[in-house]
Structure formats: structure tokens, C-alpha cells
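Chemist: To start, I am sharing the structure in question, which I have written as C-alpha cells.
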Amino acid sequence: MKDVGRYLQAGTRENTRRSYQSAIEHFEVAWGGFLPATSDSIVRYLVDYADSLSLSTLKQRLAALAQWHVSQGFPDPTKTPTVRQVLKGIRTLHPAQAKQATPLQLQHLEQAVHWLNQEAERARQSGDLASLLRSRRDAALVLIGFWRGFRSDELCRLQVEHIQAEAGAGMSLFLPQSKGDRENLGTTHYAPALKRLCPVQAYLDWIGVAGIACGAVFRRLDRWGHLSDDALHPGSLISLLRQILQRAGIPADLYTSHSLRRGFATWATANGWDLKALMTYVGWKDIKSAMRYIDPAISFGGLAAKPALELHTGSTAQLPASH
């Protein structure tokens, strides 16, 4: 049974396991519910939090409760007609527009990378290893995150031994697990070398100065330049990205870690990528997931005050050509 439990645990993603555990604790501790639950108690739980939690959060809580009951051999109280009707009523009485990250504009990406490169050169000339490491790491982080459309957890799980990079040619990045890879088969992503804003060269510059031969690509770095063996935590990437942008003189309050992914999707759409090509490149399996990240470039012809490309990307620049 110990082996069975080990494989059952391995079959559930760590993030899902943590979120489900948090949901169960909320139901039992914060709300005071009892497990196994009844349909009536599930309904009262939903009603009590209908105006304070988003519908997506409530659905996640229901999924956790359903999983607990099924795994323990109890009937699932979340699938009754009453629960479904209450959810429908909550959607009607508490409509909310889904919050989306502000896409990082190409001009801001270019401004940030230009500033980081200048910082790296100043650090090199002055012998400031800590600043050199930080600027090289941050440049590689934002460029790979943008041009590959990676999520924060994917960036933090990149391993040097799973990456092949050749200056002037391109790079392949293997992820053993990702959100869209339900079977845990692993996915290999590719990125081209670019004439400017190049993710390949930024990666090579970073691991070269850091002397990393294996392990996590993006690691914690203290103020004295001591590089940790541990990867950055996905939860830290929002503050890190905002710090990078603010240091480059860019207003950063609206940006999140998803801004890199959404920025690339918006840029690609505005530059003529069709939806199928974008979904294949980024790794979306569901068209609804892809559409959440895209600001469609709708044309109003000569009536538009600004071209759609400028409205959605903030720049009319094309993708820097590969060597």
C-alpha cells in the first residue's frame, strides 16, 4: 500500500496537490464544515462565499472537495442539480470579467534588455560580479520567457542539462513536465537565434558568466553575488519582473509573470501568426486557453486613430530575423 500511495501521489501535480489541500482546509477550518459533506452543506458553503470569492476559485474548491470524496470512497456531493443551479445563480448575480495580465510590449522588452546589457557592461568594467550575474540572469529570464511564451513555473524548472544552445543558430529546451502535458511525456521547445533581443545569446552569456554546468538555469542570487543551487520560486517572478522593468525606467505595476507569455501571444498575432501556428509554438491544446492570452488585431480601416498593430503591441517592429 505504501507503493500504491507513492504512485498515486506522483500522479497528481504538486501545484494541484497544494491547492486541493488548501481548499479542503478552507472548507473545514475557515468555514467549519465537516467531511464527508452533504449537498446541502456544499450549497451553504458556496452561498457564504459567493460575493467574496471568484467563480473560478469556487469551482476549484468544488473540484478539491469532489476529489476528496471520490478518493475516500464517498458519494460526490458537488455534482447534484442543486449545486449546479447555485453555481449558475452565482454566475448571474456576481458577473466578473476575468483579470488578465497586461502584455509586455516589445518596445518595453527592448528597453529593459538594453538597460540590462548596459548594466552588465558597467559591472564588467568595475569588477562587480554580483551586478554582472544579476543583469545576465535577468536578461536571459525575460528574453526566454517572452520569445518562448513560458509560464513562471516552466522558467523555474528549466535545467541546463535539458537545453542545447548554439550561438547564431537556436536552442532546444526540454521540459519533463508542463501544465499542458497531461501524460508527463515531456515536451521539447525550440527558439531561434535572433539578430537582436536574442534568447539564445542571452542564455549562453548567463550560464557562461555563472559557470553553471548542470541544475537549475534560473537561480536565486543574494546581494553579495552568491549563487544558490536552488531554482527561483515561481511565486517570486512577479516581483522580480517588476524590479527589472522599474530599474529600466518602465512603469511596472500592471505587469505580472504572465505578461511575458501574453506579450508574445499579442505580438505574434499582430505580426501575422495564425492561431494554429501560435498554439503549436506556445503549446496550447485548447483554443479557449489560447484566446485568453490574445488581443486580436481588429481592423477599422482608415477610421482608426492608430494602426491596430500599434494599439496592441506598442511597436510596429518585426521579429528580429534569425542569423
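Chemist: Evaluate E = 1/(1 + (r/R0)^6) for A30 and S289, where r is the Cβ-Cβ distance and R0 equals 41 Å; express this FRET efficiency to the nearest 0.05.
Modeler: 0.85
Chemist: Next question, about the same structure. What's the local net charge at R124, with K and R +1, D and E -1, over the other residues with C-beta under 14 Å away?
Modeler: Computed value for this residue: -1.
Chemist: Still on this structure: Using a Förster distance of 30 angstrom, determine the FRET efficiency expected from the C-beta separation of S239 and R91, and round it to 0.05.
Modeler: 0.40
Chemist: Something else about it: How would T266, T256 line up by accessible area, probe 1.4 Å, largest first?
Modeler: T256, T266
Chemist: Right, another one. With a 1.4 Å probe and every protein chain kept in, tell me what percent of the accessible surface of segment 27-153 is carbon plus sulfur.
Modeler: 53
Chemist: Roughly how much of I287 is accessible, in Å² to the nearest 10, using a 1.4 Å probe?
Modeler: Accessible area of I287: about 90 Å².
Chemist: If you don't mind, there's one more thing I want to ask. Take segment 92-143, drop everything but the C-alpha atoms, weight them equally and run the Debye formula without solvent; then report log10 I(q)/I(0) at 0.19 Å⁻¹ to two decimals.
Modeler: Relative scattering, expressed as log10 I(q)/I(0), comes to -0.67.
Chemist: OK, next. Measuring with a 1.4 Å probe in the full set of protein chains, what accessible area per residue, in whole Å², belongs to segment 101-193?
Modeler: Counting only protein heavy atoms, the per-residue value for segment 101-193 is 43 Å².
Chemist: What length, rounded to one decimal in nm, is gained on full extension from K59 through to D253, with 0.36 nm per residue of separation minus their alpha-carbon distance?
Modeler: Gain on stretching K59 to D253: 67.0 nm.
Chemist: I would also like to ask the following. Give the calculated FRET efficiency between Y190 and D128 to the nearest 0.05, with a Förster radius of 30 Å applied to their Cβ-Cβ distance.
Modeler: Using R0 = 30 Å, I get an efficiency of 0.30.
Chemist: Ranked by accessible surface with a 1.4 Å probe, highest first, in what order do E121, E25 come?
Modeler: So, going from the largest accessible area down, we get E25, E121.
Chemist: In what sequence, largest accessible area first, do H114, H94, H108 appear using a 1.4 Å probe?
Modeler: H114, H94, H108
The values are calculated or read from the model by the stated rules, or taken from the named source; none is laboratory data. Keep in mind the model is a prediction, meaning the values are calculated, not measured. Positions of Cβ are generated from backbone atoms using ideal geometry, with glycine treated the same way; all protein chains shown enter the neighbour counts. All accessible areas refer to the heavy atoms of the entire protein, side chains included, with ligands and DNA or RNA removed. Shrake-Rupley method; radii C 1.70, N 1.55, O 1.52, S 1.80 Å.
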